[in-house]
2 protein chains.
Amino acid sequence: MATITPTKATKATPAIAFNLKTATLRTLFEMTRTIADLDAIRALLDWDQQTQMPLGANGVRGEQIATLETVLHAHKAAPALGKAIAKAEAALAAHPERFSDADRALVREARRSHAEATKLPEHFVRDYAVATSVGWEHWQAARTAQDFSLFASDLERIVDLQRQKAQYLDPAAKVPYAVLFDTFEPGMDLATCEQALDQLRQATVPLLKRVQAAQQVDNGFLQGTFPHDQQMALSRRILAIIGYDFDHGRLDLAAHPFMTGLGSPDDDRLTTRVDEHDVVSCQMSVMHECGHAHYELGIDPALKRTILGGGTSSGIHESQSRTWENIIGRSAAFWQGQYHVLQDAFPTPFKQVPLADFVRALNRVEGSLIRVEADELTYNLHIIIRFEIEKDLIAGKIAVRDLPGIWNQKYYDYLGVTPPNDSVGLMQDVHWSAGLFGYFPTYSLGNCYAAQFAATLRQAHPDMDARLAQGETGFIREWQRDTIHRWGSIYQGDDLCRRVTGEGLNPAHLIAYLTEKFTRVYGL
Amino acid sequence: MATITPTKATKATPAIAFNLKTATLRTLFEMTRTIADLDAIRALLDWDQQTQMPLGANGVRGEQIATLETVLHAHKAAPALGKAIAKAEAALAAHPERFSDADRALVREARRSHAEATKLPEHFVRDYAVATSVGWEHWQAARTAQDFSLFASDLERIVDLQRQKAQYLDPAAKVPYAVLFDTFEPGMDLATCEQALDQLRQATVPLLKRVQAAQQVDNGFLQGTFPHDQQMALSRRILAIIGYDFDHGRLDLAAHPFMTGLGSPDDDRLTTRVDEHDVVSCQMSVMHECGHAHYELGIDPALKRTILGGGTSSGIHESQSRTWENIIGRSAAFWQGQYHVLQDAFPTPFKQVPLADFVRALNRVEGSLIRVEADELTYNLHIIIRFEIEKDLIAGKIAVRDLPGIWNQKYYDYLGVTPPNDSVGLMQDVHWSAGLFGYFPTYSLGNCYAAQFAATLRQAHPDMDARLAQGETGFIREWQRDTIHRWGSIYQGDDLCRRVTGEGLNPAHLIAYLTEKFTRVYGL
């Protein structure tokens, strides 16, 4: 029997509850509960591997993960689940008034998961696993050797499998790439996304040229020697300041920072890494991951241990991390309230650096080669380059062997830089080797949504900057929780955006934000 | 398809391999492989909860564990598994010569696990889970309140359920307790165990009286102030000395020390706790848990990810931990080789304490109330008391309400002490509240096996003490691996003992060891 804890409803936050008015829907609820729990357990195997596990256990852990995935797949693809979904769909169609939004979303997400698990034939899943596993190894070797030819034929195979995947998932689809994109950003129309990123490119490229023509901002004082333990202590202090609850999470070291939900909203853990020569990258990364954690920790308890108990899409998830990393974490107002924390942690050099200089340094813009090190303005250009290329690859408009030339030309056109080799060019990111096509654009969607949400937040809290400057941050998280976080996956990304901001994806907010900010920072 | 890696066979260590000569046996192998992986994943959920998990996740983790156990139970009880086992049994009976010991053990253990999963009716499993969960809570409350009456009716219920459990598992059993005991020490005859522990009691009680009449050993210098971090550093150093491989494990803190196999022989982790006023309890605990880890890490790779890839019984497992904690860890020879490590870690007081005094202090004997703090001599009396009582309880010879009197009388008769209240008396251990009846005797079986194995080890390595005194320990672990560890669960406990020592359980070895040691320590 399902135990469902509704939250206390107020006018601003109506209760979230499952009604489950039919036996079929109750059965479906229980079946998907098992899937949700197994998904969380799968996440623990991964978290442990990346943070705690002794190295010598890599092999056996890989096998354990494969076993759990097989078990999980059997649950997702179970014919009994398919029947329960079909009956539930019929009940919803016959008596829509009897069911809640949570009920409808439960059936929708069960259908999505079941379809994905049943549509891909077993031989394809096996081929795909082998291709991405071998591809990932060859990508690493090719990157080390700075030789794209060692990875090119793997990438061709992976692109071909992506096309097959799209075909299996939606045989009627006109644009295969749209099918892949939909797995990360369900419900979002690809054309809308294309239009948004195109507008963003058109606004960013000339703005960047103006910035590049202006006097460069000094950030030399951000480099130096900043000991590991002090950086970690500062990270924990900043996390506490922005409301991360260590009773429901922890901070560990990992090769690549990430956040993982092991039982949202009760257990959402962060990782980071420390560069002892750079004082801000760890802090920014921690605020970024905390934005993801705020989302998962803010999900309504009624959605706990259900397939709706996670963030609704990659883009919306990224909007929450970008809000805390950039919109708040690189703002003058936030640092007005918190600069003393940084100064206490590192009196040298920050007792000697005026706050305004520090904030400007945080917002220094530079046409650069590496996406993950990019500033707020150029970041989207890195994404747009990948987005344009992967669409053309899947559509067969360009060939894998021509990628180095295409990549480098776009970097020159949009960012004014040219990679000296493919390892800092088209081989810098893991995504394609892992089969993640359709994922990159969600990073920039995240930036768009972040700015759009921030505009609404500012309407709700016109005194936002003043409160941040006084050291407050809780009111922001509360607003996010009440409007965005608590809904989990009940509403799909763009639908949620409409409910929060009154309009669908609109890149104008991000363009206005970037234009205002960098005009100011660079005195244009 | 199963991937099986045979070890390199030598005369001393014949290869371990599955032959799997029938399709049924191969199917069985794959089915039980899933069970083995899920068991390891279950262990990770528990390890994480006890060492890493934020407190606020306790509730959701409990639910995740329950879900995984349900999934695991479904695999263990699957009718398809039952059919595969029956077919495999028929094939083994028809052509025994075609199959290896590993094949036979695989079928035997699959049958055990399947029988346990199918024989207990669902309503019983639910009642049992509720009774032990509530019982555990009430035991905690009763212990805090020092009031056994708050727990007595729970214990009555649990005892009754134990009888039912025995009845379900073996309706023809004449002694229900023997059925419970068999779940922890499969293949060991209860009468043999009873006889052994009785002999042990008869030898120990008079020896203890002689020790108590002698001049007490001074151990005052073991108390003092020994900072946490230094104790942990010393623990890691000692673990490295006795051959624990941190590439396949780690050491963490936990409320109660334990070892857990998360993928034996590749991932076996330790925990400990630190008392800053006591320098040896952490080190002894670490050596104890490392003995368990040595066992799991020494299992043949051919048994990895199979239901034979763990220790074969509670008693044999305990024998390995007791060997490293007591037979080695409290020996003069070991400390002759390693005392400088302790002296380096804590110059005060150990630069001033002669080695002989330190070793004597490690072996101080005291009739005491608390099992987990007991010395090597009195420890078995604590066990024998519980063994005698739980047998009588299950047999209905004594009533739960009479327990306090019975317990206290036995403590007076065997150990010469009387508990001032039931919290340091019959409520000191968690076992009964958790439904662990039949487990206690395996602790003393572990001590018996440890001494018995040590006698054989000493025959193989007559220079054992001299080598230990020179700082060597690897030869002991190698001997254990080749004779005991590598076999995993292929041979049941007493069968393994026969193969290693040439005879079944024989308490004379432990009696001789204890008599020699304490006669020497106390100059009797």
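Quick notes on this one:
- The condition of being more than 9 Å from chain A (Cβ to nearest Cβ), part of a helix (DSSP H, G or I) and either of a type outside the set (Val, Ile, Thr) or touching a helix residue (DSSP H, G or I) at 6+ places or on another chain (Cβ under 8 Å) (or both) does not hold for B:ALA15.
- Among the residues of segment A:267-287, those identified as open to solvent by 20 Å² or more (accessible area, probe 1.4 Å) and of a type outside the set (Val, Ile, Thr) are A:ARG273, A:ASP275, A:GLU276, A:HIS277, A:ASP278, A:SER281, A:SER285.
- Which numbered condition B:GLY416 misses (of (1) open to solvent by less than 30 Å² (accessible area, probe 1.4 Å); (2) modelled with pLDDT under 95): (1)
- Tally, over segment A:247-297, of residues that are within 14 Å of chain B (Cβ to nearest Cβ), among the aliphatic types (A, V, I, L, M) and out of contact with any strand residue (DSSP E or B) (no Cβ under 6 Å at 6 or more places or on another chain): 2
Yes or no, residue by residue, for (1) among the charged types (D, E, K, R); (2) under 29 Å from B:ARG458 (Cβ atoms):
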position: B:PRO265; (1), (2): no, yes
position: B:THR306; (1), (2): no, no
position: B:SER314; (1), (2): no, yes
position: B:GLU325; (1), (2): yes, yes
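- Of the candidates B:THR70, B:THR22, B:THR51, the single residue that is modelled with pLDDT of 95 or more and of a type in the set (Ser, Thr, Tyr) is B:THR51.
- Condition check for A:LEU44: at pLDDT below 95 and facing chain B (nearest Cβ under 7 Å): no
- Taken as a whole, the structure places A:ASP229 among residues that are at pLDDT 95 or above, open to solvent by 70 Å² or more (accessible area, probe 1.4 Å) and either in a loop (DSSP other than H, G, I, E, B) or farther than 30 Å from A:ASN506 by Cβ (or both).
- Residue that is farthest from the other protein chains (Cβ to nearest Cβ), among those in segment A:70-90 that are farther than 26 Å from B:PRO54 by Cβ and within 27 Å of the chain's Cα centre (by Cα): A:ALA77
- Among (1) within 30 Å of B:GLN343 (Cβ to Cβ); (2) open to solvent by 20 Å² or more (accessible area, probe 1.4 Å); (3) touching a residue at least 60 places away in the same chain (Cβ under 8 Å); (4) not in a loop (DSSP other than H, G, I, E, B), the one test that B:ILE238 misses: (2)
- Cross-chain or 6+ apart pairs with Cβ under 7 Å, segment A:123-139 first and touching a residue at least 24 places away in the same chain (Cβ under 8 Å), then open to solvent by 60 Å² or more (accessible area, probe 1.4 Å) and part of a helix (DSSP H, G or I): A:PHE124/A:GLN164; A:PHE124/A:TYR168; A:ALA131/A:ARG157; A:HIS138/A:LEU150
- Options B:GLN64, B:GLN50: the member that is closer than 22 Å to B:SER133 by Cα and buried (at least 20 other Cβ atoms within 10 Å of the Cβ): B:GLN64
- Yes/no for B:LEU355 being within 23 Å of B:LEU524 (Cβ to Cβ), open to solvent by 20 Å² or more (accessible area, probe 1.4 Å) and not aromatic (Phe, Trp, Tyr): yes
- Residues located in segment B:247-266, provided they are open to solvent by 40 Å² or more (accessible area, probe 1.4 Å) and out of contact with any Lys or Arg (no Cβ under 8 Å at 6 or more places or on another chain): B:ASP247, B:HIS248
- Listed here are the helices (runs of 4 or more DSSP H) enclosed by segment B:349-430 that have at least 1 residues being more than 27 Å from the chain's Cα centre (by Cα) and farther than 26 Å from B:ALA512 by Cβ: B:403-410.
- The set of residues from segment A:149-194 being within 24 Å of A:GLY504 (Cα to Cα) and open to solvent by 60 Å² or more (accessible area, probe 1.4 Å) comprises A:LYS174, A:VAL175, A:ASP189, A:GLU194.
- Whichever residue in segment B:52-69 is assigned to a helix (DSSP H, G or I) and in contact (Cβ under 8 Å) with a residue 24 or more places away in the chain and, among such residues, is farthest from the other protein chains (Cβ to nearest Cβ): B:GLU69
- On the stretch given as segment A:24-41, residues that are open to solvent by 10 Å² or more (accessible area, probe 1.4 Å), in contact with a helix residue (DSSP H, G or I) (Cβ under 9 Å, 6 or more places away or on another chain), away from every other protein chain (no Cβ under 11 Å) and not polar (S, T, N, Q) total 1.
- Residues located in segment B:288-309, provided they are open to solvent by 20 Å² or more (accessible area, probe 1.4 Å) and either modelled with pLDDT under 95 or in a loop (DSSP other than H, G, I, E, B) (or both): B:LYS304, B:ARG305, B:ILE307
- The lone exception for A:GLN492 - which of (1) closer than 12 Å to A:GLY315 by Cβ; (2) open to solvent by less than 30 Å² (accessible area, probe 1.4 Å); (3) not hydroxyl-bearing (Ser, Thr, Tyr) it fails: (2)
- Matching residues, segment A:485-502, being within 15 Å of A:ARG458 (Cβ to Cβ) and either touching a His at 6+ places or on another chain (Cβ under 8 Å) or not small (Gly, Ala, Ser) (or both): A:VAL500, A:THR501
- A:HIS317 satisfies every condition listed in (1) surrounded by fewer than 24 Cβ atoms within 10 Å (Cβ to Cβ); (2) within 14 Å of chain B (Cβ to nearest Cβ) except (2).
- Just one of the listed residues (A:THR348, A:THR378) is hydroxyl-bearing (Ser, Thr, Tyr) and within 30 Å of A:TYR412 (Cα to Cα), and it is A:THR378.
- Residue check, A:LEU208 under 16 Å from A:GLY493 (Cβ atoms), open to solvent by less than 10 Å² (accessible area, probe 1.4 Å) and assigned to a helix (DSSP H, G or I): no
The values are calculated or read from the model by the stated rules, or taken from the named source; none is laboratory data. Remember, it's a predicted structure, so these values are computed and weren't measured experimentally. No Cβ is skipped: glycine too gets one built from the backbone with ideal geometry, and neighbour counts run over all protein chains shown. Please note that ligands, DNA and RNA were not included when accessible areas were found on the heavy atoms of the full protein model with its side chains. Shrake-Rupley method; radii C 1.70, N 1.55, O 1.52, S 1.80 Å.
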